[in-house]
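The values are calculated or read from the model by the stated rules, or taken from the named source; none is laboratory data. The structure displayed is predicted, hence computed values, not measured ones. Note that each Cβ is placed from the backbone with ideal geometry, even for glycine, and that neighbours are counted across all protein chains shown.
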Amino acid sequence: MASNNNLLQPQLPRFTGKNYHQWSILMKVLYESQELWSLFENGLVESKDQSSLTQAQLTELKDNKKKDNKALFFIFQAVDEVIFERISSANSAKEAWDTLYASYKGEDKIKLARLQTLRCEFDSLRMKDSESVEEFF
């Protein structure tokens with residue numbers, strides 16, 4: 001029995017706001033397997049004057065819009081409700097993806113910088129011989 005891949009919806013990883021790095025990797029692999037990743041790299045290219053397009057170009061544009069809607073649907077389905085509110089007004093999958101990237105990828109860098117600062121402070125923390133434990137804290 002032949003199966004139609006268009007009818008099967010893949011299991012989507014859930015983005016909770018705390019696991020952006022892992023989620024983005026899983027979603028990228030999903031989009032690559034569905035041949036949708038180019039939409040995120042290049043965006044949906046639309047012609048302002050569609051009257052000058054050939055029938056083949058119009059068909060390609062229609063197919064790309066359909067793929068973009070599919071990719072956007074996957075993002076909407078893979079995020080928690082609070083995160084969905086941030087991207088619900090996105091008009092393309094790339095716009096939603098870029099919004100999430102800007103919101104959460106930078107957060108990872110801030111956390112890493114803070115962690116490195118705390119680690120340095122901890123490493124330099126030394127009790128003097130003349131200090132009591134109470135004075136040290």
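Listed by first and then second residue, the pairs linking a residue in the stretch 16-30 that is within 12 Å of Tyr101 (Cα to Cα) to a residue that is of a type in the set (Phe, Trp, Tyr) and in a helix (DSSP H, G or I), with Cβ atoms under 6 Å apart and 6 or more places separating them unless they lie on different chains, are Tyr20/Tyr104. Counting only residues that are basic (Lys, Arg) and farther than 25 Å from Asp63 by Cβ, which one in the stretch 9-40 is modelled with the lowest pLDDT? Result: Lys18. The helices (runs of 4 or more DSSP H) found wholly in the stretch 49-137 and carrying at least 1 residues that are among the β-branched types (Val, Ile, Thr) and within 27 Å of Gly17 (Cα to Cα) occupy 55-78, 81-87, 93-100, 106-123. The listed residues are Glu95, Glu46, Glu121, Glu60, and the only one of them that is acidic (Asp, Glu) and surrounded by fewer than 10 Cβ atoms within 10 Å (Cβ to Cβ) turns out to be Glu121.
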